[in-house]
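So the structure is just underneath, and the comments pick up after that.
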Amino acid sequence: MIPPIASQFVAGTSASGALTHVSECNEAGMGGILNLLGEHYHEPGPAAEDTEEYCHLASQLAVRDLNGCLSVKPSQIGIDVGPDVFTSNFEQIVEAAAANDVFVWCDMEDHTTTDTTLDAVEATARDHPNGVGVAIQANLTRTRDDLARLADVPAAVRLVKGAYDEPSSVALDSKSAVDDAYEEYLEFLFREFDRGVAVGSHDPAMLEVAVDLHEEYGTPFEIQMLMGVREDAQRELAAKGYEVNQYVPYGGKWMQYFYRRVRERKENALFAARAVLGV
């Protein structure tokens, strides 16, 4: 059982519970992005098991006629086992999803996996145009070149600031520098991408920038936020007519994810403290 505090950030331990949460998101005017918790597998067995789970999720989204998609971590489906294992498993998920008209996002992890991740997404996108997308991290110094590369690839981009503790040799050091880069890259995406932009941010300032860029360029966009973080704002944005998709993690490996969410933001830590104290 997931404690009530953690259940604000994790949609239960089962696929059934996660799909029910996506249905609730739909009722609130939002889509759901399903992510089975798990990462850094070093054996092919667990990677294959989670690959099968994602294929099952794709079919269930279709059967239940839900507005939802999938988001997969490379280290969950074999990138630490070997690039070929990861690429094969990712292709299997995308093929199962395509058969059910379900979109697949590929999360981005630390900088050592960026090239392999982009190679797999680009290759898969060529076979399944506009059926896949990839997260790109604004804090990495290589991101400008990565976005230029993706401009000609039939894949969507989710722009995030970046949550990994990267060395200064490959990443920007300060919050202000990351914010400036995020705005720069958003402008590039809205100007150069005609297939839509995913704004992966809880920062009100960045969301305002996205709205302004949409008005300037007319490029369609969606807002992606985490379950349990600024949910009132998520619903308000959806009510205003913006496309909002909530990232919905679930599964038995919830504890590490929950504590990472609590550590990330002061607001999350205060929420958890109030829940413990009953205030």
- Selected from Met227, Met206, Met108 as most flexible by GNM, with the chain as the system and alpha-carbon contacts under 10 Å: Met206
- Message: With a cut-off of 8 Å between alpha carbons and a minimum separation of six or more residues, what is the relative contact order of the chain in percent?
- Response: 23 percent
- Query: In the Gaussian network model of the chain, springs joining C-alpha atoms below 10 Å, which of Lys253, Lys161, Lys73 carries the largest mean-square fluctuation?
  - Reply: Lys253
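Using helices alone, what [θ] at 222 nm do you get for the chain, with -39,500 (n - 2.57) per DSSP H run of 4 or more residues, divided over all residues and rounded to the nearest 500?
Helix contribution divided over all residues of the chain: -15500 deg cm²/dmol.
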- Query: Picking from Gln76, Gln60, Gln137, which is most flexible by a Gaussian network model of the chain using Cα springs under 10 Å?
  - Reply: Gln60
- Of the heavy-atom accessible surface of the stretch 15-277 (probe 1.4 angstrom), what whole percent is carbon and sulfur? 48 percent
- Message: With +1 assigned to the C-beta of every Lys and Arg and -1 to the C-beta of every Asp and Glu, and no other charges, what is the dipole magnitude of the chain about the Cα centre in debye, to the nearest 20?
- Response: 940 debye
- Item | Nonlocal Lys pairs with alpha-carbon distance under 29 Å, the chain (8 or more apart, or different chains) | 11
- Item | Amide N of the stretch 141-178 lying under 12 Å from the label point, which is placed 7 angstrom from the Cα of Glu192 along Cα→Cβ | 143-153
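For the chain, give the share of DSSP beta bridges that are antiparallel, in percent and rounded to the nearest 5; count only bridges with both residues there.
Within the chain, antiparallel bridges account for around 5 percent of the total.
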- Note on the structure: the chain accessible area per residue, 1.4 Å probe, protein heavy atoms, integer Å², reads 45 Å²
- Query: If you compute Kirkwood radius over Cα pairs in Å for the structure shown, which of (1) 21.1; (2) 19.0; (3) 22.2 do you land on?
  - Reply: (2)
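If r is the Cβ-Cβ distance from Glu184 to His56 and R0 is 30 Å, what FRET efficiency results, to the nearest 0.05? Working shown, then result.
On the way: r = 40 Å, r/R0 = 1.32.
Computed FRET efficiency for Glu184 and His56: 0.15.
The values are calculated or read from the model by the stated rules, or taken from the named source; none is laboratory data. Values in this document were obtained by computation on a predicted structure and should not be read as measured data. For neighbour counting, all protein chains shown are included, and Cβ atoms are generated from backbone atoms with ideal geometry for every residue, glycine included. Accessible surface areas use protein heavy atoms only, side chains included; no ligands, DNA or RNA. Shrake-Rupley method; radii C 1.70, N 1.55, O 1.52, S 1.80 Å.
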